[in-house]
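Written out below as structure tokens is the structure these notes cover.
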Amino acid sequence: MTAEAALLELAGVSKRFGRITVADSLSLRFTAGETVGIVGPNGAGKSTLFAMIAGDLKPDAGDVRIDGRSVLRLDPATRCRLGIARTYQVPRPFENMTVFENLLVAAYRGGQVSRPQGYAVAAEVLEETGLSPDANRPAGRLGLLQRKRLELARGLATRPRVLLLDEVAGGLTDPEVAQLVDIVEQVRQRSVAVVWVEHVVHALTSAVSRIICLAGGRLIAEGDPESVLANPEVKEVYLGVDIDA
Amino acid sequence: MIAAVRVTRSRRSALWGLIGAAVVVVLLATLPYVVYADVTDLLVNAFILLVLASMWNLLAGYCGLISVGQQAYVGIGAYTVLVLAQHGINPYLAIPFAVVVAAAIAVPVSFLVFRLRAEYFAIGTWVVAEVFFLVLIRFRSLGGGTGTGLPGLALVDPAFRQALTYWSALGVAAAALLTTYLLLSSRMGLDLTAIRDNEMAARSSGVRVTWAKRVVYVVSAAGCGAGGALLIISQLNVLASAIFSVGWSAKMIFIALIGGVGSIEGPIIGTAVYTVIQQTLAQFGAWYLILLGSVAVLIAMYLPRGIWGVVTGRLHIQVFPVGYWLHR
């Protein structure tokens with residue numbers, strides 16, 4: 001794994017909010033074509049990590065690199081154009097636009113495609129994520145499940161190289177989770193690095209090749225799903241949290 | 001794989017709306033031949049308000065930028081025409097220059113006011129307008145604080161002048177609406193709607209938020225500059241304290257609010273309603289203002305999307321559709 005060049009790399013990233021440390025000198029590497037799960041108790045710094053990768057938050061120390069080049073000084077839009085797509089844990093659809101228009105924005109700006117190409121990209125993502133029947137509905141009228149799908153779809157429409165998924169499986173039924181895992185696998189096969197933060201651990205174990213466990217902003221364990229979830233320290237930080245694995 | 005993707009700009013054809021709008025403009029253009037000048041004068045004022053309200057709507061309704069300082073560009077537009085007229089340039093031909101000057105000044109100002117957020121932005125734009133006012137009244141040649149007349153039109157036949165002013169105002173209003181339509185139906189229109197709905201998500205979907213806002217700010221300033229140019233031409237004089245009055249922003253807000261913020265059609269409806277209220281009740285003095293204020297408050301409370309918002313919500317009508325409809 002270390003032999004391959006890292007597509008996305010975090011080097012000694014630290015972030016504190018007052019007295020709470022959400023990232024404590026974290027160093028992580030992600031390569032193209034791998035799906036990595038990130039688990040950890042609430043407040044472990046998972047969403048903060050995504051915010052620092054996508055550019056919504058600045059780390060206090062450390063560096064974030066794409067293809068070995070620092071992106072710290074780049075704004076979120078530029079990072080998205082470089083290939084970093086993030087979904088939000090609480091969906092943030094463009095409510096007064098249709099689902100199709102939501103994807104068009106992402107394709108044109110994040111994906112930087114031409115006008116007719118944008119139509120094709122958006123239609124393709126609609127098909128892939130099963131949102132085609134809702135294409136012309138205003139996003140504001142979607143239920144939570146469809147909103148989560150739209151988050152994923154909008155991320156995909158930017159034609160990402162790194163896809164950051166923030167709890168997209170929460171509230172989904174088992175068949176829906178299986179569908180989602182299939183989509184993620186298809187995306188991975190296009191040489192995308194998928195980084196997936198999830199509380200629904202059984203969704204992760206079937207989709208990822210590697211799991212990272214964070215707690216208190218530190219890396220507790222890293223490795224294949226079985227060994228990480230069997231790790232006593234991981235079990236301890238999850239104590240009282242339903243792992244359902 | 002998807003073989004062919006067919007996309008139109010609305011569920012129904014956008015063509016009819018544009019043809020209808022063109023017919024209305026042509027009909028309006030014939031008015032100086034069929035009605036008295038008091039009617040066209042009234043419409044000149046309405047067109048100016050329509051331009052200003054459309055520009056304010058572009059800022060607030062699509063970028064979430066609440067400005068109470070657009071009178072800065074109204075004033076700059078008017079004084080550009082004055083300065084050029086004093087140097088022998090025909091005021092009507094000076095209108096495009098007013099647009100350019102207002103836009104050119106808006107570029108550096110945007111870097112200043114964009115450092116401010118929300119209510120600070122609103123106050124900041126007002127302060128900028130006051131600064132322009134205070135600077136302009138220093139110039140004796142421009143009438144200082146007591147105002148001055150617009151030279152260059154004394155020898156023109158009044159009836160012809162009034163018709164010319166009317167056509168200019170109609171042309172500027174049509175151009176303002178067309179610009180708004182073209183801007184919103186371009187890909188930047190998608191950016192703007194996305195920004196309005198969720199700025200953070202827009203940013204992380206690759207939208208250059210600040211750039212899009214700057215473009216709209218400059219376009220809005222240009223439109224207000226044209227509005228100011230029309231004002232001085234229709235009034236034949238200019239008073240700094242009147243042209244730089246925050247009252248212009250109040251009118252823009254009122255019209256956009258009652259018509260419906262965030263749609264092209266809203267300010268048109270708003271202007272019509274405002275003009276009717278003004279014509280029927282202006283003689284009641286203070287009561288007129290109280291009524292205007294009450295209407296604005298009631299609309300803001302019960303019809304947050306304005307009159308057009310109700311119409312389009314019930315009937316699904318769009319005169320200027322800028323959306324994308326995917327056909328399967």
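The values are calculated or read from the model by the stated rules, or taken from the named source; none is laboratory data. Quantities reported herein were computed from a predicted structural model and do not represent experimental measurements. For neighbour counting, all protein chains shown are included, and Cβ atoms are generated from backbone atoms with ideal geometry for every residue, glycine included.
Counting only helices (runs of 4 or more DSSP H) that sit wholly inside region A:200-239, those with at least 3 residues that are more than 20 Å from the chain's Cα centre (by Cα) and not aromatic (F, W, Y) are A:225-230, A:232-237. With respect to B:I299, determine if the residue is among the β-branched types (V, I, T), under 22 Å from the mean Cα position of the chain (by Cα) and surrounded by 12 or more Cβ atoms within 10 Å (Cβ to Cβ). Considered against the rule, which asks whether it is among the β-branched types (V, I, T), under 22 Å from the mean Cα position of the chain (by Cα) and surrounded by 12 or more Cβ atoms within 10 Å (Cβ to Cβ), B:I299 comes out as yes. Scanning region B:199-210 for residues that are within 9 Å of chain A (Cβ to nearest Cβ) and assigned to a helix (DSSP H, G or I) gives B:M200, B:A201, B:A202, B:R203, B:S204, B:V209, B:T210. Close contacts from region A:66-83, counting a first residue that is buried (at least 16 other Cβ atoms within 10 Å of the Cβ) and a second that is among the hydroxyl-bearing types (S, T, Y) and part of a loop (DSSP other than H, G, I, E, B), with Cβ to Cβ under 6 Å and a gap of 6+ residues or different chains, come to A:C80/A:T158. Against the conditions (1) surrounded by 18 or more Cβ atoms within 10 Å (Cβ to Cβ); (2) part of a helix (DSSP H, G or I), B:A175 satisfies every one except (1).
Just to be sure before I move on: is A:T158 more than 10 Å from every other protein chain (Cβ to nearest Cβ) and of a type in the set (S, T, N, Q) in the structure I sent? Write out each step before concluding.
Numbers: more than 10 Å from every other protein chain (Cβ to nearest Cβ): no; of a type in the set (S, T, N, Q): yes.
When the stated conditions are applied, A:T158 does not pass them.
Checking each residue in region A:143-155 for being within 13 Å of chain B (Cβ to nearest Cβ) and free of Cβ contacts under 8 Å to residues at least 60 places away in the same chain picks out A:R147, A:L150, A:A153. Within region A:84-110, which residues are touching a Ser or Thr at 6+ places or on another chain (Cβ under 8 Å), more than 7 Å from chain B (Cβ to nearest Cβ) and either part of a helix (DSSP H, G or I) or at pLDDT 95 or above (or both)? Within region A:84-110, A:A85, A:A107 qualify.
In region A:111-120, what residues are surrounded by fewer than 24 Cβ atoms within 10 Å (Cβ to Cβ) and either on the phi > 0 side of the Ramachandran plot or in a helix (DSSP H, G or I) (or both)?
We begin by selecting, within region A:111-120, every residue surrounded by fewer than 24 Cβ atoms within 10 Å (Cβ to Cβ); these are A:112-117, A:119-120.
Within region A:111-120, A:Q112, A:R115, A:P116, A:Q117, A:Y119, A:A120 meet the criteria.
From the list A:T21, A:T31, A:T98, A:T35, the one residue that fits, being in the same structural domain as A:V200 (by TED's automatic domain parsing), in contact with a Gly (Cβ under 8 Å, 6 or more places away or on another chain) and among the β-branched types (V, I, T), is A:T21.
Among the residues of region A:67-83, the ones that are within 9 Å of chain B (Cβ to nearest Cβ) and assigned to a helix (DSSP H, G or I) come to 6 in all. The residue that is surrounded by the fewest Cβ atoms within 10 Å (Cβ to Cβ), among those in region A:121-142 that are within 7 Å of chain B (Cβ to nearest Cβ) and in contact with a Phe, Trp or Tyr (Cβ under 7 Å, 6 or more places away or on another chain), is A:N136.
Tell me which of these B:A169 doesn't satisfy, since it passes every other one: (1) more than 14 Å from chain A (Cβ to nearest Cβ); (2) of a type in the set (A, V, I, L, M); (3) in contact (Cβ under 8 Å) with a residue 12 or more places away in the chain; (4) not in a helix (DSSP H, G or I). Of the numbered conditions (1) more than 14 Å from chain A (Cβ to nearest Cβ); (2) of a type in the set (A, V, I, L, M); (3) in contact (Cβ under 8 Å) with a residue 12 or more places away in the chain; (4) not in a helix (DSSP H, G or I), the odd one out for B:A169 is (4). Within the option set B:G149, B:G171, B:G77, being out of contact with any Asp or Glu (no Cβ under 6 Å at 6 or more places or on another chain) and at pLDDT below 95 holds for one residue only, B:G149. Of all the criteria given as (1) over 19 Å from the mean Cα position of the chain (by Cα); (2) under 18 Å from B:L116 (Cβ atoms); (3) crowded, with 24+ Cβ neighbours inside 10 Å, the one not satisfied by B:A221 is (1). So if I check each of B:G227, B:G145, which one is assigned to a helix (DSSP H, G or I) and either within 25 Å of B:I48 (Cα to Cα) or hydrophobic (A, V, I, L, M, F, W, C) (or both)? Among B:G227, B:G145, only B:G227 is assigned to a helix (DSSP H, G or I) and either within 25 Å of B:I48 (Cα to Cα) or hydrophobic (A, V, I, L, M, F, W, C) (or both). For B:V39, the conditions (1) modelled with pLDDT of 90 or more; (2) surrounded by fewer than 21 Cβ atoms within 10 Å (Cβ to Cβ) all hold with the exception of (1).
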